[in-house]
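A.B. asks: Here it is: the structure, laid out below.
No value in this document is a laboratory result; all are computed from the given coordinates. Source: prediction; values computed, not measured. Every residue, glycine among them, receives a Cβ derived from its backbone with ideal geometry; neighbour counts consider all protein chains shown.
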Amino acid sequence: MVSAQGANYPSEIHDDQLVGERTHLPVRDVIKFEAYGWLYTDDLAVSMGGFASSTNDPVVGYPDSQHPNIPANRYLNVHFSPSGNSETLSIGHLDVNISPYERVMGPADNPTVVFSVHGRWDPAGPGDTNYNFEMMIDTFGNVSLGSASSSQAQIALEGNHIKLLMEQHTLDGTGS
């Protein structure tokens, strides 16, 4: 199950007030869950789509508005969903919760929206894990990884997505 809250940054400025051409972010996998077991292999993912400013132009604001310090040409509007590339969830269990932090990181000319991602993953076969990490997305749609923890999975940035890998063990305790 994917319970995700997307982001509309900056929330103080309406879409019709955004400055500059919007760059479409095609739907793509941004979080991948892979478990290699001795009986089953799980390959699940969460995808993201939306639009971003994708500009390095000088920051533009509205000095006479209620939010004069909010850049109107640095924006990110994204949504998350289960990936169409995922295998069926019928034999494994995945809970993903995604929500943005209240504040963005970085300077006004290069803001990054930070999301808290956490949940439980129980792939087919022995082993399961709780996980928690920060996913950061800039106004170009690039994904990076902040702090991360999991009891059994390895969490790493791989290209432009975050990968959780669990190598399941056989019933006698040896590797897959």
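A.B. asks: Write down the Å³ per residue value for the convex hull defined by the alpha carbon atoms of segment 2-167.
C.D. replies: So the per-residue hull volume is 103 Å³.
A.B. asks: Would you mind working out the magnitude of the charge dipole of segment 2-167 relative to its Cα centre, with +1 at each Lys and Arg C-beta and -1 at each Asp and Glu C-beta, to the nearest 20 Debye?
C.D. replies: 60 debye
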